[in-house]
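Working notes, beginning with the structure itself.
Values quoted throughout were computed directly from the atomic coordinates according to the rules given, and no laboratory measurement underlies them. Note that the structure is predicted; figures quoted are calculated from it, not measured. Here the Cβ is made from the backbone with ideal geometry for all residues, glycine too, and neighbour counts use every protein chain on show.
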Amino acid sequence: MEQIMKSQTDSNKFQKALLEWYQKNKREMPWRSKPTPYRIWLSEIMLQQTRVDTVIPYFEKFFKHIPTIIDLARTSDQDLLKLWEGLGYYRRVINMKKAAIHLVENNNGKLYDNKKDLLTLAGIGEYSAGAIASIAFQEKVCAVDGNVLRIMARLYGDYGNILQPTVSKRFTDMVEKLLPDSSIGDFNQALMELGALICTPKSPDCIHCPVMNFCIAEKSMLQNELPVRDKQGVRRKEDKTVLIIQFKNRFAITKRENRLLEGLWEFPVMDGHHDKDEVIETIEKWGMKVLSIAAVKKEKALFSHIEWDMAGFHIMVNNKCDGMTFEAADKIVDEYPIASAYQKYISELL
Ligand code: SF4
């Protein structure tokens, strides 16, 4: 993984850029204008499976009817469900009431002020506990949701599958290291706001991103490849047909221009698996006359997020073509950096 923030100074610059952007661009939300612990808790629970725009009118109505944790503990389930009607995932509000009763009985009706204790309350998981503890109480903990995982994958150019717990834990550790010493709640909200407004799943608005200078995905144009969300936890499979094209005692190679393995050399390749006739047709389209063709071994190549399933052909031609370099086998072996996936076909030259 490439390093983007090598020093504390870099981290400080990152924090400053993000926090300044947040102060100028954050959306108005009722729980942001009067951020009491109860209001922040209520907002975080309502936002769990619901969009901000939908939540705002529900939040205002709910808070008007039930302004304190003590009121919440006393309200009937039926009244709570009525106030929640249309928001869905009704267990959320029933759990809030359970937690409120617990807080009335054990903490004078006040919300716990740290992540560890918040995690003991019904309906509060890792993310919500981090969000509430940092926003309401400025505890130095992170709040990592899907938005934040996406940003981290892109910032660090990391192809880890964010659906795997070990990967999300690793990304969470990376966020922890980025936390500033103060304004923790704002920092966490700034990351989430960045994910909602700028670093969106499709077409992120990098040009307006406050942390563009720190972003590997932006530098290498990997925004559309990241994050990796692979439900099976398996690599994406791609079929390739590798062509060992021989003219006299020289073999065709080309330089890779696309991102994966960029700058290395490879044998000409066709996407997908093809039979002899399709290969001959392609070679002739490239301007070469085929003298003979024979299938060679099949190989696999594994990358962090892709698996290539390679079939191959050895083709003798009676002329060279433009756009390919023809070299003797020993020169290819000694002087050209051949992508390791293709090294498996080097034996065909010898
Ligand atoms: S530069 Fe683009 S990809 Fe990188 S964090 Fe910003 S919006 Fe996301």
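Based on the alpha-carbon gyration tensor of the stretch 10-116, what equivalent-ellipsoid semi-axes (square roots of 5 times the eigenvalues) come out, in whole Å, largest first?
29, 18, 12
Step by step: find N for the stretch 91-146, compute 2.2 N^0.38 Å, then divide the Cα radius of gyration by it. What's the final number?
Ratio of Rg to 2.2 N^0.38 Å for the stretch 91-146: 1.09.
On the first, second and third principal axes, largest extent first, how far apart are the outermost C-alpha atoms of the stretch 8-220 in Å?
That gives 55, 33, 30 Å along the principal axes, largest extent first.
What is the fewest-to-most order of GLU327, GLU307, GLU85 by other Cβ atoms lying within 10 Å of their Cβ?
Starting with the residue having the fewest Cβ neighbours, the order is GLU85, GLU307, GLU327.
Report the net charge of residues surrounding ASP186, where surrounding means a beta-carbon distance below 13 angstrom and charges are Lys +1, Arg +1, Asp -1, Glu -1.
Within the 13 Å Cβ shell, the charges total +2.
Using Cα positions and a limit of under 12 Å, work out the aspartates and glutamates in reach of LYS219, with same-chain residues fewer than 8 apart set aside.
The qualifying aspartates and glutamates are GLU2.
Considering amide H positions built from the backbone, and no H for Pro or chain starts, which residues 5 or more places from ILE306, or on another chain, come under 5 Å of its amide H?
For ILE306, the qualifying residues are ARG236.
Tell me the trypsin sites (Lys or Arg not before Pro) within the stretch 161-238 that lie in a loop according to DSSP and have at most 10 other beta-carbon atoms within 10 Å.
Sparse-neighbourhood loop trypsin sites (Lys or Arg not before Pro): LYS202, LYS231.
Report the charge-dipole magnitude of the chain in Debye, nearest 20, computed about the Cα centre from +1 at each Lys and Arg Cβ and -1 at each Asp and Glu Cβ.
Taking the Cα centre of the chain as origin, the dipole is about 760 debye.
Apply 1/(1 + (r/R0)^6) to the Cβ-Cβ distance of ALA196 and THR166, taking R0 = 25 Å, and write down the FRET efficiency to the nearest 0.05.
0.45
Say the cut-off is 22 Å between C-alpha atoms; which of LYS13/LYS169; LYS116/LYS140; LYS16/LYS177; LYS16/LYS110 go over it?
LYS13/LYS169; LYS16/LYS110
Hey, what number do you get for the chain at 222 nm if only DSSP H runs of n ≥ 4 count, each worth -39500 (n - 2.57), divided across all residues, to the nearest 500?
The helix-only estimate for the chain comes to -13000 deg cm²/dmol at 222 nm.
Where both residues lie in the chain, what percent of DSSP beta bridges are antiparallel, nearest 5?
60 percent
Above 20 Å lies some portion of the pair distances; for the stretch 236-349, what is it as a whole percent of all C-alpha pairs?
Cα-Cα pairs in the stretch 236-349 separated by more than 20 Å: 37 percent.
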